[in-house]
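The values are calculated or read from the model by the stated rules, or taken from the named source; none is laboratory data. Given the structure is predicted, the values throughout are model-derived calculations rather than measurements. Don't worry about glycine lacking a Cβ; one is built from the backbone with ideal geometry, like all the others, and counts go over all protein chains shown. Keep in mind that these areas ignore ligands, DNA and RNA; they rest on the heavy atoms of the full protein, side chains included. Shrake-Rupley method; radii C 1.70, N 1.55, O 1.52, S 1.80 Å.
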Amino acid sequence: MNLAESGRWSGEWWVSGEDERHQGTLTYSPTDGPVLALVQGWEYRTYAEILPGLTARQTTTRDWPIVYGLAGGVRFTLRDVLLVSGELPSGDKLGEMTYRADVALVGEYVSEDAARHVSRARFEVENLTQFASFSGIASNWLLDDNDRPTGGGSVSLDLVPLAEFQTREGVARIHRWYDLPSAKATRRSFTGQLAETVYLDITPDSPVALGYVFALATKLCQLVSLASLDACGVISIQAEVSLVDTELPEGHPNESSPAIVDTLFRPVTIPRPDALAVPVHDYAFTAARVAPEVFLPAWFDLIAEQEPAIGLLTDVLAGSTSRIADRVLAAVSAAESFHRGTNPEPPLSDEEHERLLAIVEAAVPDEHKDSVAAKLSDNRHTLRQRLRALFRGLPEELRKALRVKESVWLEEATSARNKVAHSGTAGTAEIEALDAVAEVTAVIVLLHVLRAVGLSDSDCLTLFIENRRFRRAAQSARKHLV
């Protein structure tokens, strides 16, 4: 099921463990998520016994961890259902209740006690097909002597083999699905469209919770977003669940078979699967430059160590952060976090730090010793030291391609970040100069990310010629940071 499309299912709904069923309609939209409207709803008020035989109504309302439904011949499992609005039935008046669910599992009744029940997950992410680079669909146009199309040619389809490899998250499989979404026959000709879709399957070493599947989806979206330098949302998620209430008679051959369920939820980034894909020359890298069996395991290893930095970097380069002060703060914070994630040695040895601290404390008046000792006891890198280490950690040819003067960039980046962090604004600094700080800082961190997932230094250098985002960063640096 496509998270970008809306749906509506009418049927009967009941709370797990209760027999009473109500008629209602489940609607889904990417902006609202799963919303359930019942003609007569469940009692939402809660009561507590304050004295023997005396109860009082509480201010809190009831929620429902699991709600089942049968609508249009389809089984539904709603998780974490909360009341939104409505009134209970009174007299001859029917109640109208509206609820919102965090997740709707479509296709099966998933047991309430199945905390870690997902044995495999399938993801479809925007721009993933283009990112996968290799396609089984090929076209061959016939040209005349002047290299103009003659109107003839051929289209062929060669099935791309399944790619399978091990990652820290489990066995990953990249496979393609082909279908014919539209075809039309006229009295003159037959016209058809052939569609190719790339999916990524991950089979964990042991069953995981559904929340873990959503975390994997976020990591994949961040990977494709940074590779395409464009915000990418998840289009669909299918989960293979093993612990389900199938209502099959005991001994049935399919009693213990896993079921495939679609997941519906309110996505953070609403996908636009029918929008045009990012042109291939705008990617930072694709599978044509780094093989999936190289970059995907490396990506999962990297994000395990650098998850905060990756999130901040995605916000700057592919997110919706448009306020310049927020972009500066996110970019510099991403650099600071990335350097911290490399677990560098402290700037001073323990012996040297203790010696210098003793010298300073001896020269400070007694009334200020405690406050000075508290400020100087932390033997960690300063922001300027972290930024300098990241910049100098790049090969010389990449530093030259950035067109930035190290001392100017360090001064502007630390100054802008401190002003934004302490006052919420960068003051009277020019917007273009602040934008240059954000872009250059983000590109420096991105270069470390690209090298970590397997991109060669020569391919990174080529980006400053072919990729407009890298060219823009270099041009801004030459104008504002030299």
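The single condition from (1) under 30 Å from residue 129 (Cα atoms); (2) of a type outside the set (Gly, Ala, Ser); (3) open to solvent by 30 Å² or more (accessible area, probe 1.4 Å) that residue 346 fails is (1).
Check the stretch 319-327 and report whether any residue there is at pLDDT 90 or above, open to solvent by 10 Å² or more (accessible area, probe 1.4 Å) and closer than 28 Å to residue 462 by Cβ. Among the residues of the stretch 319-327, at least one is at pLDDT 90 or above, open to solvent by 10 Å² or more (accessible area, probe 1.4 Å) and closer than 28 Å to residue 462 by Cβ, which makes the answer yes.
Would the stretch 113-136 turn up any residue that is touching a Gly at 6+ places or on another chain (Cβ under 9 Å) and surrounded by fewer than 18 Cβ atoms within 10 Å (Cβ to Cβ)? Within the stretch 113-136 (the criterion being touching a Gly at 6+ places or on another chain (Cβ under 9 Å) and surrounded by fewer than 18 Cβ atoms within 10 Å (Cβ to Cβ)), the answer is no, since none of the residues qualifies. In the stretch 139-161, the residues that are under 30 Å from residue 173 (Cβ atoms) form Cβ pairs under 7 Å with partners that are outside any strand (DSSP E or B), at six or more places apart or across chains, as follows: 157/136; 158/136; 159/136; 160/134; 160/136.
Looking only at residues of the stretch 4-15 that are assigned to a strand (DSSP E or B) and not polar (S, T, N, Q), we find that the one that is surrounded by the most Cβ atoms within 10 Å (Cβ to Cβ) is 13. When you look at residue 282, is it within 22 Å of the chain's Cα centre (by Cα) and more than 29 Å from residue 116 (Cα to Cα), yes or no? So residue 282 passes the test. Of 226, 180, all but one fail to be hydrophobic (A, V, I, L, M, F, W, C) and surrounded by 22 or more Cβ atoms within 10 Å (Cβ to Cβ); the exception is 226. Suppose the filter is touching a residue at least 24 places away in the same chain (Cβ under 8 Å) and either aliphatic (A, V, I, L, M) or in a loop (DSSP other than H, G, I, E, B) (or both); does residue 116 pass it? Against the criterion (touching a residue at least 24 places away in the same chain (Cβ under 8 Å) and either aliphatic (A, V, I, L, M) or in a loop (DSSP other than H, G, I, E, B) (or both)), residue 116 qualifies.
Among the residues of the stretch 293-315, the one identified as more than 14 Å from residue 449 (Cα to Cα) and either buried (at least 20 other Cβ atoms within 10 Å of the Cβ) or among the hydroxyl-bearing types (Ser, Thr, Tyr) (or both) is 315.
Matching residues to (1) open to solvent by 60 Å² or more (accessible area, probe 1.4 Å); (2) at pLDDT below 95; (3) assigned to a strand (DSSP E or B):
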residue: 2; (1), (2), (3): no, yes, no
residue: 17; (1), (2), (3): yes, yes, no
residue: 22; (1), (2), (3): no, yes, yes
residue: 37; (1), (2), (3): no, yes, yes
residue: 46; (1), (2), (3): no, yes, yes
residue: 57; (1), (2), (3): yes, yes, yes
residue: 65; (1), (2), (3): yes, yes, yes
residue: 84; (1), (2), (3): yes, yes, yes
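The condition of being of a type in the set (Asp, Glu) and under 24 Å from residue 305 (Cα atoms) holds for residue 439. Of the helices (runs of 4 or more DSSP H) entirely within the stretch 350-405, those holding at least 3 residues that are touching a residue at least 60 places away in the same chain (Cβ under 8 Å) occupy 396-401. Residues that are within 25 Å of residue 263 (Cβ to Cβ), outside any strand (DSSP E or B) and open to solvent by less than 70 Å² (accessible area, probe 1.4 Å) within the stretch 155-177 comprise just one, 169.
Results for (1) touching a Leu at 6+ places or on another chain (Cβ under 7 Å); (2) basic (Lys, Arg); (3) closer than 30 Å to residue 282 by Cβ, shown as yes or no for each residue.
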site	(1), (2), (3)
316	no, no, yes
335	yes, no, yes
351	no, no, no
369	no, yes, no
383	no, no, no
395	no, no, yes
417	yes, yes, yes
420	yes, no, yes
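Has the stretch 187-199 got at least one residue that is open to solvent by less than 20 Å² (accessible area, probe 1.4 Å), at negative phi and touching a residue at least 40 places away in the same chain (Cβ under 8 Å)? Within the stretch 187-199 (the criterion being open to solvent by less than 20 Å² (accessible area, probe 1.4 Å), at negative phi and touching a residue at least 40 places away in the same chain (Cβ under 8 Å)), the answer is yes, since at least one residue qualifies.
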